[in-house]
Amino acid sequence: MHSQGLVCNFAPDYWWPWLGALLGVLIIVGAASLFARPALRVGWGITIIVAAAIGFLMGTGGLLAALLAVIGGILALTWKPEDHASTQTKTTP
């Protein structure tokens, strides 16, 4: 029986590995989506933080992985991408 995590006995034993893998994939997809489309940073940042918290509470991801995911989610929420039009300087010939 799965005895780790704060919410043990929540689901049958065969769900724990699949749930941990699903949360890990969700965090990786969120990080890749942040890189590809920075405009959606708030939604993906919240998704990453929630997935990391669920994984940590269920004992499927580990402390270091959850900590790094939460830090990444917070950075995504506070990040303001630069506007490419304002960073380009006009050069005169």
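What follows is calculated from the coordinates using simple rules that are stated; it is not laboratory data. If you're wondering where the values come from, they're calculated on a predicted model, not measured in any experiment.
Points to keep in mind about this one:
- Gain upon complete extension [Leu64, Ile28; 0.36 nm per residue less C-alpha separation]: 11.4 nm
- Using the Stokes-Einstein relation with a Kirkwood hydrodynamic radius computed over Cα pairs, the translational diffusion coefficient of the range 20-79 at 20 °C and a viscosity of 1.002 mPa s comes to 196 µm²/s.
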